[in-house]
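J.: I'd like to ask some things about the structure below.
The values are calculated or read from the model by the stated rules, or taken from the named source; none is laboratory data. Quick caveat: nothing in here was measured; it's all calculated off a predicted structure. Methodologically, a virtual Cβ is constructed for each residue, glycine included, from the backbone with ideal geometry; neighbour enumeration extends over all protein chains shown. Note: areas computed on protein heavy atoms with side chains; ligands, DNA, RNA excluded. Shrake-Rupley method; radii C 1.70, N 1.55, O 1.52, S 1.80 Å.
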Amino acid sequence: MNRLPTAARLSAALLCVSMAWSAQAQFATDDSGYTSAQTFRSFQAAGGGEEDRPTIFGRLEWQKARYGTLPADFSQRMLTELQLQRSRFPQLAPGATAPAGAPAWTSIGPTRAVKTQNDIKLQVTDSGRLRNILPNPNDPNLVYVLSSSGGIWKTTNFEAPYPSWSPITDKVITTSGGGAALGRNANTLYFGTGDPFDGIPLVGGAMLKTTDGGNSWSPFVFLPGAGMVLDVKVDTRGPADVVMVGTDAGVFRSGDGGATYAKVLTPAGGAGTRVWSIARSSAGWLATSASGGYYSPATLYRSIDGINWLPVTAPALTAGAGRITLAVGQPGDSVVYAYAALAYPGGQKDLFRSSDGGQSWTALGLNGRAPVNPNEENPTMDLMLGQSFYNHMVTVDPSDPARNTVYLGGQLATAKTTDGGNSWRLLTNWLAQFGLPYAHADHHTGAISLAGGRKRLMFGSDGGLFVSQDEGASFTDQKNTGLTTHLVYAMATSGADPKSVLIGLQDNGTRIRVGNTSTFNQSFGGDGFGVGWSQAGGSTALGSYVYGYVYYATKTPNIQKKWTDPVFDDPSCTYNGIFACDAYFVTPIETPSATADPSGKVYFTNTASKIYRTDNAGVSWQPLFNGADYNVYVRGSSHSVSASPVDLGHVAAVGPGGFILMTSNGGANWAYRNNKVPGYAGFNSNIAYANNNVLYVASENPSGQAVYVVKSSDGGLSWQAAANGLPRVPISRLLAAPNDPSGNTVYAATFIGVYRTTDGGQSWQQFGAGLPTVQVSDLYMPVDGSFLRASTYGRGVWDLPLR
């Protein structure tokens, strides 16, 4: 059979798409109605290096364009669904006794790495992003850490080279971490939910409490109007703990040990104003807010009693400032530090010191100072660099009576002063360059433990926990071992060896597991998003960065040099043929089945207006569908394009408005199908082909709807609801079981766990015992159906044996 050249096939395809159809197919925005404020060109213009570019802002804007502004009732609805599902399937909850015969989920990591490569090869271990580090003040072995989406973890042998960590929030109904603080004894913790740097936290703006070290937790106490928790502080001086909570709705106070909370401060600025930091000084309570969330003007507030608040006139600190983080050596100190960013478009403003409890402030002139050991990345003490709303670590040494010893962390480095800011020394570097020890980029929190009479310095970043026992002269990353808190966007499994796994992670690169181990080594740095691994022999693999940047390998990509980067052509704005100027921040990858692609070299991806195919494992890409530039034909979900397991001719992608794009002849013709049914409003997230006739579409609608999965049995011509028994929560991914030719067995990766139907969607049930309540991001099953694999956003990768 003669095959048309790609260009000819594309022309034929475009001729078959009528002008009327094209006008119907395109949208100005995604379902959210919001357009990302960041484009590829603005991202590109920010700089040439990975850490020069605004990846955090890009990720948040992508999520906002994908989901929109979360409805005010989102967290309450998620909790209602969680409680309903827990009541239906109590024996499948973590820690419960599973019913006889029920398969049980097992974590397969990542628990460690033996090598990490980001141009520079390191032998280090990272974990996921940390929000707080809570060392017990009396017992050096008792430490808690709060991760952004993996919940709270606890160790009772921290002094060991490799502590044993245990998750203590898997049993509660979320692992989304905003803030946490210790109460008056070693077993009392207050936990605030909702990470400020994830666009859609599962259950945010709520408080919980444990009095037995995490064995049991109080019910959720929602803070009205809040969707995230940014800071938690506890005053233990009185008969009951007084808890202060900073949120995106103001400051809340509990005077009864966390039983009830009342709002005590509604900061100026209206909706979206975030209270970033709270501290107790000699002058009372202090709080800082930014009225536009990340970048906008700042206000400092003070309260003597924690109930009545007034703004503090402090122009040196607040004029032109955005986010401000406060720090004291001990609660009640007269010396307070404030680490301030500039208002939009951002940048580091300065570090400020107050000697009167925060009533007046002196700038320390950071930006004009050079550290005693400058380098090309940090010639001055501008540590925040291009992510000033994100990197904010300031820690004051409580063992220094003068409070002159301060530690700062920013984007690439950390630093220390022992003379109140007159001189500084860089302590760490994100790639262990310039003779400095390693600590992962993007610092968020720090703590100093003096328990047992010995000082331990602890930093928390996007890469987890880094510890020094010699006041910063050296650091170890090995205490990350066992913290399975990685934020996984997507997952692929080798067709040659199902034990081998690729994952794309938030700021922890593309990582690979080779063989039966919990070790996942980083073979490509930065943010890792879509991944693919051929199912026909596992001979090729793909990974992706942002805006259509797809790297590829023809051998198992266990080291960076096995990856080949794409070539960018600036005049056409393309990476190996992918139009980056129209691409989403996250680049999805679809891997065909071995039956459909025996060559193992075909993959699919998409931008907002185009669907691409490669026949040579990423060396070049050709558009199967070529919509008008800068219009939205395909949504920006993580798994937006799908291929039939039967052949390469059947390809589909999720579009806005409850429509999908479909071809049954490899792109020669396209159809635009309306997959909406009563109760299904749109926000299509993923399509699962069971075969060429039976397919399913899932929704990630954050606003709630009665139906989250629809089914077609005639190749997409007609649709019906197929969601009975599913929780009414967003779904990231559907997987039709490859060992069920009827197409009736399907798995759903939801925001609260994995569900299965065996009757084509007439009924669904939670599937497998022991999986934490966490957003499930991807699914995989081998053709023999011997196991199910799930990746999560916060709790790593899990396997469920089925034979």
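J.: Please give the direction-averaged projected area of the C-alpha convex hull for the chain, in square nanometres with one decimal. All intermediate terms of the calculation are to be shown ahead of the outcome.
T.: On the way: hull surface 123.3 nm².
Mean orientational projected area (the chain, Cα hull): 30.8 nm².
J.: While we're on this one: At a threshold of 8 angstrom on Cα-Cα distance, excluding pairs fewer than six apart, so keeping six or more, what relative contact order does the chain reach in percent? Don't skip to the end; give the middle numbers.
T.: Details: 2445 pairs, mean separation 94.8, N = 803.
Relative contact order for the chain comes out at 12 percent.
J.: In nanometres, what is the gap between the two model label sites at Asp256 and Gln83, each 7 Å from Cα along Cα-to-Cβ?
T.: 1.8
J.: Which lysines, on any chain, are close to Lys171 with Cα under 27 Å apart, when same-chain ones fewer than 8 places away are left out?
T.: Within the straight-line cut-off, Lys171 pairs with Lys154, Lys209, Lys233, Lys479.
J.: In the chain, carbon and sulfur make up what percent of the accessible area (probe 1.4 Å)?
T.: Heavy-atom surface of the chain belonging to carbon and sulfur, 1.4 Å probe: 52 percent.
J.: Let's see if you can work this out: charge +1 on each Lys and Arg Cβ, -1 on each Asp and Glu Cβ, no other charges. What is the dipole magnitude of region 238-368 about its Cα centre, in debye to the nearest 20?
T.: Values: 8 positive and 7 negative charges, 49 e Å.
Rounded to the nearest 20 debye, it is 240 debye.
J.: Here's another thing I want to ask about it. Regarding region 126-259, what whole-number volume in Å³ per residue does the convex hull of its Cα atoms give? Mind dumping the intermediate values first?
T.: Details: hull volume 12.6 nm³, N = 134.
Spread over its residues, the Cα hull of region 126-259 gives 94 Å³ apiece.
J.: Could you give P(r) for region 530-602, binned at 10 Å from zero, as whole percent values over all Cα-Cα pairs?
T.: In whole percents, the pair-distance histogram is 21, 45, 30, 4.
J.: Same structure, new question: When only Cα pairs under 8 Å and 6 or more residues apart are kept, what is the percent relative contact order across region 136-197?
T.: Values: 111 pairs, mean separation 16.2, N = 62.
About 26 percent, as a whole number.
J.: Now for a separate question. Using alpha carbons only, how many degrees (0 to 90, rounded to 10) separate the axis of helix 6-16 from the longest principal axis of the chain?
T.: Tilt of helix 6-16: around 80 degrees.
J.: Calculate, axis by axis, the spread of Cα positions in region 255-350 along the three principal axes, and write the results as whole Å, longest axis first.
T.: Largest to smallest, the principal-axis extents are 41, 31, 21 Å.
J.: Next question, about the same structure. Cross-link list Lys115/Lys416; Lys562/Lys601; Lys115/Lys499: which exceed 22 angstrom alpha carbon to alpha carbon?
T.: Numbers: Lys115/Lys416 28 Å; Lys562/Lys601 16 Å; Lys115/Lys499 19 Å.
From the list (Lys115/Lys416; Lys562/Lys601; Lys115/Lys499), the Cα-Cα distance tops 22 Å for Lys115/Lys416.
J.: 7 Å from Cα along Cα→Cβ at both Val646 and Ala100: what's the point-to-point distance in nm?
T.: 4.2
J.: Starting from the Cα of Lys711, draw a straight line to each of the lysines and keep only those under 28 Å, dropping any in the same chain fewer than 8 residues away.
T.: Counting by Cα, and skipping residues close in sequence, Lys711 has these lysines nearby: Lys64, Lys610, Lys676.
J.: Compute the long axis of helix 74-88 from its Cα atoms, compare it with the longest principal axis of the Cα atoms of the chain, and write down the angle in degrees, 0 to 90, nearest 10.
T.: With rounding to tens, the tilt is 70 degrees.
J.: Leu487: net charge of surrounding residues, Cβ under 13 Å, Lys/Arg +1, Asp/Glu -1, itself excluded? If you can, show how the numbers build up before the last one.
T.: Values: positive: Arg59, Arg129, Arg131, Arg511, Arg795; negative: Asp126, Asp195, Asp198, Asp442, Asp462, Asp507, Asp527, Asp778.
Charge balance near Leu487 sits at -3.
J.: Can you give the accessible area of Ser742, probe radius 1.4 Å, in Å² rounded to 10?
T.: Counting only protein heavy atoms, Ser742 exposes about 60 Å² to solvent.
J.: Can you give the direction-averaged projected area of the convex hull of the alpha-carbon atoms in region 84-192, in nm²?
T.: Details: hull surface 38.5 nm².
Mean orientational projected area (region 84-192, Cα hull): 9.6 nm².
J.: Continuing with this model, one more query. Taking the Cα atoms only, what angle lies between the long axis of helix 55-67 and the longest principal axis of the chain, rounded to 10 degrees?
T.: For 55-67 against the chain, the angle is about 60 degrees.
J.: Taking a probe of 1.4 Å, how large is the accessible area per residue of the chain, in Å²? It would help to have the intermediate numbers written out before the result.
T.: Values: 25810 Å² over 803 residues.
That works out to 32 Å² per residue.
J.: Obtain the nm distance between the two label points defined at Ser599 and Asp784 by a simple spin-label model: each point lies 7 Å from its Cα along the Cα-to-C-beta direction.
T.: 2.9
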